[in-house]
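Notes for the one structure printed next.
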Amino acid sequence: MTSSLGSQEGDAWAGDHSVNIPATGIRKRFTLIACGVIAIISVLVLSYEITEPFWGYMDFNCNIQSIAARNFIKHGLFATRLMPAVDTGDVPDGNFDLYVHHPPMIAHYLALFYSIFGETEWAGRLFFVLCAAGSALLVFAIGRH
């Protein structure tokens, strides 16, 4: 004799007893709160001393990208052939020292930040803080699925 659950009478373990909990408002709310907490913590940790100048071994990459972004603003995108130039002084005849050893578009986006917020230390660091916080959120979203 079968019961309404589809198992044989006397056989308590027969059939599929897995529980499929539908996505509820509580789960969605918890996910949003966890995502917000991750974003806030990462921004707070990464923006420690955000107004300090770039120097030292760990800030070498930020220095290079910042110089390239300033050259985009100073000389224009087409003068550097849309490539990051790392020259710090006047460049005669547009003979720029190009930096092509890093993922593209970082200096371009940083130049956009500089044009919006001004060429300050915190604006340069803010770009990298937001990129790192976005990466943390992306890892959270990928891990959730």
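Taking the Cβ of each residue in Asp97, Asp87 as the centre, tally the other Cβ atoms inside 10 Å and list the residues starting with the fewest.
Working: Asp97 12, Asp87 17.
Fewest-to-most Cβ neighbours within 10 Å comes out as Asp97, Asp87.
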>> To the nearest 20 Debye, how big is the dipole of the stretch 25-144 about its Cα centre, given +1 on the beta carbon of each Lys and Arg and -1 on that of each Asp and Glu?
In response: 960 debye
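Could you work out the Kirkwood radius for the stretch 25-144, taking every pair of different alpha carbons, averaging 1/r and inverting it, reported in Å?
Numbers: mean 1/r = 0.0627 Å⁻¹.
This gives a value of 16.0 Å.
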> If R0 is 25 Å, what FRET efficiency do you get for His145 and Ile33 from their C-beta distance, rounded to 0.05?
Replying inline: 0.90
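Count charges around Gly124 for me, please; just the other residues with Cβ under 14 Å from its Cβ, Lys/Arg as +1, Asp/Glu as -1.
Numbers: positive: Arg70, Arg125; negative: Glu49, Glu52, Asp59, Glu119, Glu121.
So the surrounding residues net to -3.
Near Val91, within a Cβ-to-Cβ distance under 14 Å, what is the net charge of the other residues, with Lys and Arg +1 and Asp and Glu -1?
Working: positive: Arg70, Lys74, Arg81; negative: Asp87, Asp90, Asp93, Asp97.
So the surrounding residues net to -1.
Every number in this text was worked out from the coordinates using simple rules, so none of it is lab data. Nothing here was measured: the structure is a model prediction, and the numbers come from that model. Don't worry about glycine lacking a Cβ; one is built from the backbone with ideal geometry, like all the others, and counts go over all protein chains shown.
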